[in-house]
Amino acid sequence: MSTQVSFKRAAAALAVLAALGASIHFVHASQAPHAVTSAPSAAPKPVPDSISFDANAPQWSSLKVSALAAGALPVAEPVNGRLTYDENRTARVSSPIAGRVTALRAEPGDSVRRGAVLASLDAPDLATAQADWRKAQADEGRKRMAYERAQALFGGEVLARKDYESAQADLAQASAETRRAAQRLSNLNAGPRDDGDFGLRAPIDGVVAERQLNPGQEVRPDLPNPLFVVTDLRHLWLVVDVPERGAGAIAAGQDVALETDAYPGVQFPARVERVGQTLDPITHRIQVRCAVDNADLRLKPEMFARVSFLARDGAHKAVQLPNSSLFVEGRYEYVYVEVHPGTFQKRRVGIALRGHDTSYADAGLTGGERVVTEGAFLLNAEVAAHAQ
C-alpha cells in the first residue's frame, strides 16, 4: 500500500515539472522577437578631434563663440589712426573786431545755417566803421552835386576847365572813400544799421562742435584760439602714420577698414585721399589721410582707430579672427569650429597676416562660420583628455 502511494506521488511530481518546463519554453519563445527588436542600435562613429556639450554643460561659461566674416585681405598689419574734422568742411570762427560779448546765440551741438548769428558783441570799432561809412556817403553826395553844378557851368562856358576838373576829381575821391567804408563793413559781416551791435556769424552750414566764449568776455582779433568751430560731422578725416615698410603698398583711392573701441567688432569703411610725400625724420613714418563717410554720426572726432589698408584688387579674401581663437600644435595653427549646435571640431587654418590682436586666415575657414574666440585652449585640453 505504501509503495503504491509513493508511486502516485512521484508521477504527480513529474507531471508538475513537465508543465513548468512547457510554460518556461512558451514564455521564452514569446519574448524572443521583442528582445531582437528592442536591441540598441550601433552608436555613431565619433568625429576625430571633436567634442559635444549639452545645453546646460558647465563648459559653456568659459567659451565664447562668434560668427566671423570674410573680407579683403589687408596689405599690412593694422596700424593706429585718429579721427579728425574734415578741414575742407570746417570753419574756425574768430572775431574780426574787438568787443564784449552781450549774448550767446548758439551752443555746442546746435545745427546752424550759413549766416546764422553765433554770438552778439558790443563793438565800438564797428560803430566807428559805420560812422565812417555814413560820413563818406554824405561827402560823396555833396561833391556829386558840386560836380553837377560845375559841369553845367562848364557847358555854358561860365566855369574854367581847371575848376571843372577839380570838381570831377573831388567826386572820384569821395566815391572811393565810400567804397572803402562799405568794404570795411562787408569784411566785418555787418550792416550799416547795426549801430555797434556786431553779430558773429557762421560762415558755413554745419554743427557747432566747439565754443570758447562766455557772456561778458572781451574778445579781439588776435586771440590764439577760435571762438567757435563749425563743421560738417557727416564727413571726417582719418589720419594715419604708416611705418616706412608699408608705405609702398598704399595709394590714393585704396579702400580702408577701421575699428574703434566704442564699437568693438564693427568695421567702418574709408578711402585713402592723400599719401604724404615725405617721411617724418624721427619716426620714419609717412602720413596718410583718409576720407570717412559718417552719415549716421556714430564716429566722433578725436577717436582712436585701428586701421587696415585693404588690397587694391579686393580679390584675395580672408577671415579676420582674434588671436585668442588660435592655438599651435607642432608647426600648424588650429581653431575650433562649431559644426553643429554644441559640437566643436578642431580645424587647421592658414594665417596670411598676423597682427597684435587679430589675424587673417586665408585657408581653412569661410565667412559666416562660428568659431570659438575665447576658451580655445581649455577646449583643446578637454578634447585631448577625452581622447585618452
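All of the numbers you see were taken from the coordinates with simple rules; none came from a lab. Being a predicted model, the structure only gives us computed values, none of them experimental. Here the Cβ positions follow ideal geometry from the backbone for every residue, glycine too, while neighbour counts run over all protein chains shown.
Points worth noting:
- Cα-based shape type of region 230-332, given that a ≥ b ≥ c are square roots of the gyration tensor eigenvalues and the cut on a/c is 1.5: oblate
- Efficiency of FRET from Cβ geometry, residue 363 and residue 105, R₀ 41 Å, rounded to 0.05: 0.10
- In order along region 212-225, the phi-based Karplus estimate (6.51 cos²θ - 1.76 cosθ + 1.60, θ = phi - 60°) of 3J(HN,Hα) comes to 10, 8, 10, x, x, 6, 8, 10, 8, x, 9, 5, x, 10 Hz; Gly and Pro are listed as x.
- Farthest toward positive dipole pole in region 92-229 [+1 Lys/Arg, -1 Asp/Glu at C-beta], among 206, 196, 172: 172
- Sequentially through region 232-241, phi angles give Karplus couplings (6.51, -1.76, 1.60; θ = phi - 60°) of 9, 6, 6, 10, 10, 10, 10, 9, 10, 9 Hz, Gly and Pro residues having no value and appearing as x.
- Close amide-amide hydrogen proximity is noted between residue 110 and 208, each under 5 Å apart and 5 or more residues distant or on a separate chain (H modeled in the peptide plane; Pro and chain starts excluded).
- Between residue 239 and residue 67, the contour length at 0.36 nm per residue exceeds the Cα-Cα span by 58.9 nm.
- Relative packing of peptides 197-210, 341-354 - highest average C-beta neighbours within 10 Å first: 197-210, 341-354
- Neighbour net charge for residue 291 - beta-carbon separation under 13 angstrom, K R +1, D E -1: -1
- Estimated FRET transfer efficiency when R0 is 35 angstrom, pair residue 356-residue 87 (beta carbons, to 0.05): 0.70
- The modelled label-to-label distance for the pair residue 274/residue 179, using points 7 Å beyond Cα in the direction of Cβ, is 3.6 nm.
- If R0 is taken as 41 Å, the Cβ-Cβ distance between residue 146 and residue 122 corresponds to a FRET efficiency of 0.60.
- Taking Lys and Arg as +1 and Asp and Glu as -1, the other residues whose beta-carbon sits under 12 Å from that of residue 359 total -3.
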